[in-house]
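Student: Shown below is the structure under consideration.
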Amino acid sequence: MTAMTLHARGLIHRWRNRLPVTDATPEISLGEGNTPLVELRGPVEARELGIRVFAKYDGTNPTGSFKDRGMTMAVSKALEAGATAIACASTGNTSASAAAYASRAGVECIIILPAGYVAAGKIAQTILMGAKIIQIDGNFDDALRLVRLLCDESPVALVNSVNPYRIEGQKTIAFEVCDELGGAPEYHAMPVGNAGNITAHWKGYTELFADHTISSRPKMIGFQAAGSAPIVLGYPVEKPETIATAIRIGNPASWQQALAARDQSFGVIQAVTDDEILEAYKFLAKEGLFCEPASAASFAGAWRMIKEGTIEPGSRIVCTLTGHGLKDPTTAGKLASLPDAIPATLEAISRAAGV
Ligand SMILES: *Cc1c(COP(=O)(O)O)cnc(C)c1O
């Protein structure tokens with residue numbers, strides 16, 4: 001990187017004092033973080049109980065998912081340490097993010113993907129941003145195991161969420177939420193895949209609590225897809241299946257940290273079915289928030305808990321929407337059908353529009 005290279009200013013710049021960076025750390029940024037916190041109009045069950053539901057729309061990050069929060073830190077620190085290449089296993093969004101930040105940093109990027117299970121938008125993004133993609137006949141858990149071995153035996157920096165700098169960057173979501181709400185919400189819901197993000201959310205809240213910036217911490221309510229719910233079941237799932245490919249993970253790397261976040265916050269980790277995920281996905285779209293299926297697991301679970309009466313009336317719930325809806329055009333396309341073309345006349349379109 002030359003002195004002339006300009007990067008956008010993102011979360012390292014904003015949260016510098018709360019992150020493990022020094023003047024020697026290059027700031028590889030695409031302007032990530034500072035994502036919208038949007039209060040939902042519904043659902044009606046929440047309104048009736050005076051429960052306020054917010055979406056933290058992290059799909060608006062530069063590559064379309066929250067992974068950018070962790071990647072700006074992981075790649076900046078890898079560069080500081082002299083790495084010339086980074087690598088990761090991915091269900092898609094980590095790879096898109098790694099490819100983007102590697103390109104900004106001018107280092108090589110190697111990606112191991114489970115063949116056939118990554119949403120189309122994510123693959124196209126990753127390839128066009130110049131990463132070297134290796135597809136394997138195996139699932140995400142196989143890919144992560146292999147890339148860890150590869151990085152152990154080479155000078156390539158591993159940028160999966162087992163990299164502690166990923167968690168450091170991702171914890172800033174809690175900082176933003178508390179900044180905007182003027183304190184912590186009572187609940188924070190998120191999807192749980194490899195469980196780095198629930199770990200990061202909890203770390204962020206806990207740091208603010210420790211220095212008295214906030215006076216309470218939210219209950220962490222995490223949701224796995226029912227066909228891919230090892231933490232809920234208490235044992236690894238050998239063949240995880242779900243429409244929510246970003247959380248199709250049978251043996252989460254941060255399993256113990258997820259349990260700690262759940263227990264220390266008096267929260268829960270539950271399963272939501274693919275049907276519940278899709279219902280939430282469609283509901284959120286009608287609120288103007290287009291997220292990918294995995295992201296909708298957060299709201300699906302929160303919504304069910306509201307209906308069950310297990311959410312305290314009058315409280316605030318933030319649901320992290322982890323990725324953008326355009327990431328998975330295939331799922332979106334199956335739920336959205338286009339009407340046939342009609343004649344290009346005012347009469348025909350008036351009739352069709354019903355006005
Ligand atoms: C990575 C990802 C998740 C899961 O996050 P973990 O940290 O692996 O639990 C959820 N949703 C989306 C869109 C993701 O990209």
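Student: When you have a sec, figure out the Kirkwood radius of the chain from all distinct Cα pair distances and drop it here in Å to one decimal?
Tutor: 20.6
Student: Between SER350 and GLU287, what is the spin-label point distance in nm, taking each point 7 Å from the Cα along the Cα→C-beta axis?
Tutor: Roughly 3.9 nm, to one decimal.
Student: Using the 2.2 N^0.38 Å rule of thumb for compact globular proteins, work out how segment 150-200 stacks up: its C-alpha Rg over that value, please.
Tutor: Output field value: 1.47.
Student: In whole Hz, what ³J(HN,Hα) sequence does segment 37-42 give by Karplus (6.51, -1.76, 1.60; θ = phi - 60°), x for Gly and Pro?
Tutor: In residue order, the calculated couplings are 10, 10, 7, 6, 7, x Hz.
Student: Another question, then. Given the protein chains as shown and a 1.4 Å probe, how many square angstrom of GLU45 are accessible, to the nearest 10?
Tutor: Accessible area, nearest 10 Å²: 50 Å².
Student: Carbon and sulfur: what percent of segment 9-48's accessible surface (1.4 Å probe)?
Tutor: Summing carbon and sulfur atoms, their accessible area is 45 percent of the total for segment 9-48.
Student: While we're here: Segment 154-312: percent of C-alpha pairs farther apart than 24 Å?
Tutor: Value for segment 154-312 (Cα pairs over 24 Å): 33 percent.
Student: Further question on the same structure: What is the ratio of the Cα radius of gyration of segment 54-114 to 2.2 N^0.38 Å, where N is its residue count, to two decimals?
Tutor: 1.12
Student: So in the chain, what percent of DSSP beta bridges are antiparallel if you round to the nearest 5?
Tutor: About 15 percent, rounded to the nearest 5.
Student: Assign unit charges at the C-beta atoms only (+1 for Lys and Arg, -1 for Asp and Glu), then state the dipole size of the chain relative to its Cα centre in Debye, rounded to the nearest 20.
Tutor: 320
Student: How large is the Rg to Rh ratio of segment 285-355 when both quantities use alpha carbon positions and Rh follows Kirkwood?
Tutor: 1.19
Student: Quick one: among ALA225, ALA210, ALA78, which has the greatest mean-square fluctuation in a GNM of the chain with alpha-carbon springs under 10 angstrom?
Tutor: Among ALA225, ALA210, ALA78, the largest mean-square fluctuation in the Gaussian network model of the chain belongs to ALA210.
Student: Given LYS56/LYS171; LYS219/LYS286; LYS67/LYS327, which pairs have Cα atoms separated by over 23 Å?
Tutor: Violating the 23 Å limit, Cα to Cα: LYS219/LYS286.
Student: Shifting gears a bit: Over the chain, with the other protein chains present, what is the accessible area per residue in square angstrom, probe 1.4 angstrom?
Tutor: Per-residue accessible area for the chain comes out at 43 Å².
The values are calculated or read from the model by the stated rules, or taken from the named source; none is laboratory data. The structure presented is a predicted model; accordingly, all values stated were derived computationally and were not measured. FYI the Cβ positions are ideal-geometry reconstructions off the backbone, even for glycines, and counts take in every protein chain you see. Please note that ligands, DNA and RNA were not included when accessible areas were found on the heavy atoms of the full protein model with its side chains. Shrake-Rupley method; radii C 1.70, N 1.55, O 1.52, S 1.80 Å.
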